[in-house]
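Scroll down for the structure; my scribbles are underneath it.
The values are calculated or read from the model by the stated rules, or taken from the named source; none is laboratory data. Keep in mind the model is a prediction, meaning the values are calculated, not measured. In this analysis, Cβ positions are derived from the backbone assuming ideal geometry, glycine residues included, and neighbour counts consider all displayed protein chains. Heavy atoms of the whole protein, side chains included, go into the accessibility calculation; ligands, DNA and RNA do not. Shrake-Rupley method; radii C 1.70, N 1.55, O 1.52, S 1.80 Å.
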Amino acid sequence: PDWEQFEYRTMDKSYWRMVQESLIQMHERGLIYRKEFPVHWCSKCGTALAQAELGYIQKKGRLYHLRFRSGDRDLEVATTRPELLNACQALAVNPEDRRYSWAVGKEAAVPIFGQRVRVLADSSVDMEFGTGAVMICTYGDEQDIKWQQIYKLPVTRSIDEYGRMVNAGKYNGMKVADAREEVVKDLEAEGSLIKSEEFIHNVLAHTERADCMTPIEFITKDQWFIKSMDFKEKVLREAERMEWIPEFVHGRLVDWVNSIEWDWLISRQRVFGTPIPFWYCSDCNTIIAPRREELPVDTSSRPPPVEKCPNCGGGRVVGTSDVCDCWVDSSITPLIVTGYFRDRSLFDRAYPADLRQQGHDIVRTWLYYTILRCTLLTGTGPFKGALVNGHILGPDGTRMSKSKGNVIIPEQGINQYGADAIRQALLSLTIGSDFPFKWEPVKYGKSFLQKLWSSARFVEGFFSGKMTRIDPKSLDETDKWIISRLRETISKAQDAMGGYQFHIAIDVLQKF
């Protein structure tokens, strides 16, 4: 790092200007759009989320077996979300499942609410899970979104931004968990509940924030997107050119890119953040950008530069109160430090940056989004290599948490053992993997360093302070032996440091 060249804070208005400039450039290349779409929604944080902010957590749940009536026969459907019956648009079975061949193409009546829905045959239905017959609701999960679009099913909004039921009759206004309990009671009362069983299942949640972990709902809303699905191969090509330390982290990025199913949702319904710098036409959804000299701009309070839509002539041009996903800001850091927005001669010499240093938990966010955005803006990947570290865990091997009492306070160790001993202990571990923090290596580090300093002080007394050229002829065998060991140590340590193998460098030094 060159600390004297350029410092920045992503919350400064000057940084917002550069973020908005980058978005205008992407808009001019047709890479940004606004669309009504089922988005991942966190009812606790009150905002839409990108796929990279989500993860699965294991939770106890119940699998409810429900009776759907089709003609004069019953169709048994298993679901974990009976509260979504009001939004049930179809049933689906696997075409290879002979148990339900009689039902395909017929209609079935939805319990409690009574609407009639088609029974579809779809090969993506897991015949082994539950009863092998599933509900398609708008929306229970990502698979429901795919089915709705494939089969052009109607959409019924069932949950609002606050996690409460809507369009659900007597259950309106109830929280999802409360509505589930009431629906199950009513299913049992009308004889539509065959049985329920407890099981452990993976629940999609807002995992990027450890203080949230709220289960995700799918809500249809107007949101802003950056096209990313079309550029998977471009990102993978740029990643292939990079040096990865450790190498296995490259595989994590490849797995993530190949698993992406939606374009990048960049709008957030939060109070603070970089404003999305666009107005739009409420009639035809045309995007209208500000003039660059106006940046940074907040379109929620600034009138649009045009009175009528340049596309349809409509007069309903409005701004947006949405702000950017924080990774929109952070994904242009290589452009910031190399002068892309302020000094193109520096940029031509300095880009791409040499190294991205970061943790493994944000490979699918910061690392992926940076490669995507910088490549789309410049045509070239943002850095030559990535050094990816693991997390320091508590002594019990789990993530540090004040409630668990397994938090390590660095200042206490610095006062007792010294900062160098702690640095040495951390560098003695392999980069890339999580590790539980132990005081033993720190204690050893202090002991080792104490011997090193004591030896240096002892030797220092024999020198006048001037460099002395040693005549090789004056060396005895012991001198030659130790100097040869020193040369070997220097060579191995330099090679290890050059390859970011700090633990090897530390080990070689300690052994010497």
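The table below lists the values:
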| item | result |
| --- | --- |
| Qualifying positions in the stretch 11-42 - open to solvent by 50 Å² or more (accessible area, probe 1.4 Å) and over 21 Å from Cys284 (Cα atoms) | Met11, Lys13, Ser14, Arg17 |
| Within the stretch 104-163, considering residues that are closer than 21 Å to Leu187 by Cβ and without any contact (Cβ under 8 Å) to a residue 12 or more places away in the chain, the one most open to solvent (accessible area, probe 1.4 Å) | Arg116 |
| Residue list for the stretch 229-248, restricted to those being touching a helix residue (DSSP H, G or I) at 6+ places or on another chain (Cβ under 6 Å) and either closer than 18 Å to Asp354 by Cβ or surrounded by 19 or more Cβ atoms within 10 Å (Cβ to Cβ) (or both) | Val235, Glu238, Ala239, Trp244 |
| Residue list for the stretch 176-195, filter: surrounded by fewer than 16 Cβ atoms within 10 Å (Cβ to Cβ) and in a strand (DSSP E or B) | Lys195 |
| Cross-chain or 6+ apart pairs with Cβ under 7 Å, the stretch 1-30 first and farther than 19 Å from Asp325 by Cβ and in contact (Cβ under 8 Å) with a residue 40 or more places away in the chain, then crowded, with 17+ Cβ neighbours inside 10 Å and not basic (Lys, Arg) | Phe6/Val337 |
| Elements of type helices (runs of 4 or more DSSP H) in the stretch 429-512, at least 3 residues being open to solvent by less than 60 Å² (accessible area, probe 1.4 Å) and within 23 Å of Pro246 (Cα to Cα) | 477-498, 502-511 |
| Of all residues making up the stretch 130-160, the number that are in contact with an Asp or Glu (Cβ under 6 Å, 6 or more places away or on another chain) and part of a strand (DSSP E or B) | 3 |
| Any hit, the stretch 282-291, residues being in a strand (DSSP E or B) and either modelled with pLDDT under 95 or open to solvent by 20 Å² or more (accessible area, probe 1.4 Å) (or both) | yes |
| Scope the stretch 46-101; condition within 15 Å of Val119 (Cα to Cα), of a type in the set (Lys, Arg) and either open to solvent by less than 10 Å² (accessible area, probe 1.4 Å) or part of a strand (DSSP E or B) (or both); matching residues | Arg67, Arg69, Arg73 |
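Per-residue answers, yes or no, for (1) under 21 Å from the mean Cα position of the chain (by Cα); (2) of a type in the set (Gly, Ala, Ser); (3) open to solvent by 60 Å² or more (accessible area, probe 1.4 Å):
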position: Asn311; (1), (2), (3): no, no, yes
position: Val318; (1), (2), (3): no, no, no
position: Asp322; (1), (2), (3): yes, no, no
position: Asp329; (1), (2), (3): yes, no, no
position: Thr333; (1), (2), (3): yes, no, no
position: Phe341; (1), (2), (3): no, no, no
position: Arg349; (1), (2), (3): no, no, yes
position: Asp354; (1), (2), (3): no, no, yes
position: Gly359; (1), (2), (3): yes, yes, no
